[in-house]
Every structure is written in C-alpha cells, then in structure tokens.
Amino acid sequence: MRAIDQALVGMVIAISLVLISLILMENKNTIILFKSLGYRPREINKYLVTGYFISAFMAIMGAIVINKFLIEKLSPLINESAGISLVYVLSYSYILYAIILFIGFVFLV
C-alpha cells in the first residue's frame, strides 16, 4: 500500500472515530431509554445501526456517482487548459477501501 493511501485510510479512521463518539453522545438518551425498557444491547445496536448502515451505503454510492460525473464533465476543460487528461478508474483497491471503511464504521457504531 502506498504511503498516501495509508495516510488517507488513517485520516478516514480518525474521522470515523470522531463521528462515532458524536453519534453515541447524541443517542445517549435513546440508549438509556431502551435499556430502561428492557431491551438487550444487541437489539439496541440493531435499532441504532440500521439507519447508519443505510446512510453509509448511500454515501458511498453517491460519492462514486458524483466522482464519475465530475471527472467526465471536468476532464475536457482541464485537458484544454492544462493539457492533462483525467480518467475515472474504479479499481479494486478503492472498492476494497470502501468496503473496509463501511464495515468498520458499522461495527464501531
């Protein structure tokens, strides 16, 4: 893995940890309510994670579509002005990063 990839993965993990702590602080009252009603921790996690699971999946799909669209639209402009050609390549390593970060985020929440 290249150094830039390692730095990006580390940065995304750090941001994910901050988001997870914010999510837990935000849902503290909900968690306490579920515990007082007798729900098991597994049921509480299932209830809370489902929304974030869907959101994380939609965010990844949206980012891929937006990236592809922007590169296709901006490539001719950048080619004219700077002589650089942009090509959108969805490689296995980026798909693997997305899957790992997605699963990690869901399990950490």
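Identify, by number, the condition in (1) among the hydrophobic types (A, V, I, L, M, F, W, C); (2) at pLDDT 80 or above; (3) surrounded by fewer than 15 Cβ atoms within 10 Å (Cβ to Cβ) that ILE4 doesn't meet.
Tallying (1) among the hydrophobic types (A, V, I, L, M, F, W, C); (2) at pLDDT 80 or above; (3) surrounded by fewer than 15 Cβ atoms within 10 Å (Cβ to Cβ), ILE4 fails exactly one: (2).
Out of the residues in segment 89-99 meeting the condition of being assigned to a helix (DSSP H, G or I) and touching a helix residue (DSSP H, G or I) at 6+ places or on another chain (Cβ under 8 Å), tell me which one is least open to solvent (accessible area, probe 1.4 Å).
Among those residues, the one meeting the criterion is ALA98.
Looking only at segment 67-88, which residues are among the hydrophobic types (A, V, I, L, M, F, W, C), open to solvent by less than 100 Å² (accessible area, probe 1.4 Å) and under 30 Å from VAL18 (Cβ atoms)?
Within segment 67-88, LEU70, ILE71 qualify.
Do you know which of the residues in segment 44-66 that are closer than 30 Å to ILE32 by Cα and within 13 Å of the chain's Cα centre (by Cα) is surrounded by the most Cβ atoms within 10 Å (Cβ to Cβ)?
Checked segment 44-66; the qualifying residue surrounded by the most Cβ atoms within 10 Å (Cβ to Cβ) is ALA56.
The values are calculated or read from the model by the stated rules, or taken from the named source; none is laboratory data. Note that the structure is a prediction, hence the values are computed from the model and not measured. Counting neighbours? That spans all protein chains shown, and the Cβs are built from the backbone with ideal geometry, glycine included. Note: accessible area is taken over every heavy atom of the protein model, side chains too, but ligands, DNA and RNA are not part of it. Shrake-Rupley method; radii C 1.70, N 1.55, O 1.52, S 1.80 Å.
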